[in-house]
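S.K.: Here it is, the structure in full.
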Amino acid sequence: MRTLRQMWADGDNAIGGWLSIPATLSAEVMARAGFDYVCVDTQHGTVEYQITVELIRAIEHGGSIPIVRVPWNEPGIIGKMLDAGAEGVIIPMVNTPEEAEAAVKACRYAPDGGSRSFGPTIGRIRRPDYVEWARDNIAVIPMIETKQAVDNLPEILSVPGIDAVYVGPADLSLTLDLPPANNDGSPAFDEAYTRIVDECQKVGVMPGCHATGPLVPKRFQQGFRMVTATADQLALGAGAAASLAAARADVTGDGESGGSLY
């Protein structure tokens, strides 16, 4: 299975899923759906470390690339997630080149200018050459999710070792005085997205983002190379609602709610 960095090197885009539910079954279901990557959200999801280790295994078993959004730009947390087998980390609230440099250092070992401590609990079980493998494959993905980060983007992208950046639309919107959502069509929001793609393309860094529904193909058309299309709880809710609507329609014959099915 290719890593994200290998996919991008081959010229391919990556479409992913998102996990907030601490259940290995849902993780494997998401992976087996065919997403290129599945991201475990340890920032806003209801996920602790031990289950994250198990979710990573389930994602791999299902055939997707396991990555993790860490709760903060902190080297101990980042290293621990990589030691658990994550093949990439999304790092929130990176607003300056100094913060971007700290994120990169936390993902790299000393020969590559990093500060990561060696102890890849899962990685070295599978890869005797883990240090070399990590150098070539671990994806470092800072989040660009504030106006400050957008303003500092050229300087952030100049930091060696950044493979991609990932837009957080809700937090970015809040700093633009907009509701916390994908505010497609808002001039300030659209301008920020356009600038992110343009600046990334100048330096060969992959732009990524959250999107749903018709925004997914639009984001790829805009130049994004990594798009998360849905999350486990959203897919579960949408699937359950669709099944219930179909069942009610079958029972009532007119598609209208007939109350309880029992």
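Only the coordinates and a few stated rules stand behind these numbers; no lab work does. No experiment lies behind these values; they were computed from the predicted model shown. As a convention, Cβ positions derive from the backbone with ideal geometry for all residues, glycine included, and neighbour counts pool all protein chains shown.
S.K.: Taking DSSP loops as anything outside H, G, I, E and B, show the longest stretch in the chain free of GluC sites (Glu not before Pro) there with at most 12 other beta carbons within 10 Å.
M.R.: My reading of the result: 49-255 is the longest stretch.
S.K.: So if we plug the beta-carbon distance of A242 and H44 into 1/(1 + (r/R0)^6) with R0 = 25 Å, what FRET efficiency do we get, rounded to 0.05?
M.R.: 0.50
S.K.: Please report the base-10 log of the normalised intensity I(q)/I(0) for the range 41-123, using a Debye sum with one equal scatterer per alpha carbon and no solvent, at each q in 0.14 (1/Å).
M.R.: Result of the Debye calculation: -0.45.
S.K.: Something else: Tell me, what is a quarter of the convex hull surface for the C-alpha atoms of the chain, in nm² with one decimal?
M.R.: It is 15.7 nm².
S.K.: Rounding to the nearest 10 and keeping the result within 0 to 90°, find how far the Cα-based axis of helix 97-107 lies from the longest principal axis of the chain.
M.R.: Compared with the principal axis, the helix lies near 90 degrees.
S.K.: Check cross-link reach from K202 to the lysines: straight Cα distance under 26 Å, and skip same-chain residues fewer than eight apart.
M.R.: K105, K147, K218
S.K.: A further question on this structure: Taking the mean number of other Cβ atoms within 10 Å as a proxy for protection, how do you rank 206-212, 162-168 from highest to lowest?
M.R.: Ranking, from highest mean packing down: 162-168, 206-212.
S.K.: At 7 Å along Cα-to-Cβ for each site, give me the label-to-label distance between V251 and K202 in nm.
M.R.: Using points 7 Å along Cα→Cβ, the separation is 5.9 nm.
S.K.: By count of other Cβ within 10 Å, fewest leading, how are S243, S186, S26 ordered?
M.R.: S243, S186, S26
S.K.: Right, here's the next one. Where Rh is the Kirkwood radius over the Cα pairs of the range 135-207, the temperature 20 °C and the viscosity 1.002 mPa s, what D in µm²/s does Stokes-Einstein return?
M.R.: Translational D for this selection: 172 µm²/s.
S.K.: Right, something else. Starting from the Cα gyration tensor of the range 1-86, take the square roots of the eigenvalues, sort them a ≥ b ≥ c, and report rounded, prolate or oblate (rounded when a/c is under 1.5, otherwise prolate if a/b is larger than b/c, else oblate).
M.R.: Because a/c hits 1.5 or more and a/b fails to exceed b/c, the range 1-86 counts as oblate.
S.K.: Oh, and also: Report the semi-axes of the equivalent ellipsoid for the range 115-262 in whole Å, largest first, where each axis is √(5λ) for an eigenvalue λ of the Cα gyration tensor.
M.R.: 38, 25, 13
S.K.: With a 10 Å Cβ neighbour count serving as the proxy for reagent exposure, in which order, fewest first, do W72, W18 appear?
M.R.: In increasing order of surrounding Cβ atoms, one gets W72, W18.
S.K.: Report, largest value first, the span of the C-alpha coordinates of the range 1-150 along each principal axis, in whole Å.
M.R.: 39, 38, 34
S.K.: Same structure, new question: Mean-square fluctuation check for the chain, GNM, Cα pairs under 10 Å: which of K147, K218, K105 is largest?
M.R.: K218
S.K.: Given Cβ point charges of +1 (Lys, Arg) and -1 (Asp, Glu) and nothing else, what value in debye, to the nearest 20, does the dipole of the chain about its Cα centre take?
M.R.: In total the dipole reaches around 600 debye.
S.K.: Looking at the chain as a GNM with Cα springs under 10 Å, which of A84, A149, A247 has the largest mean-square fluctuation?
M.R.: The residue with the greatest mean-square fluctuation here is A247.
S.K.: Pick out which of A181, A23, A100 has the largest mean-square fluctuation in a Gaussian network model of the chain, springs linking Cα atoms closer than 10 Å.
M.R.: Judging by the Gaussian network model, the answer is A181.
S.K.: Express in nm, to one decimal, how much length is gained between A9 and T96 on full extension, taking 0.36 nm for each residue of separation and deducting their alpha carbon distance.
M.R.: Value of the extension gain: 28.7 nm.
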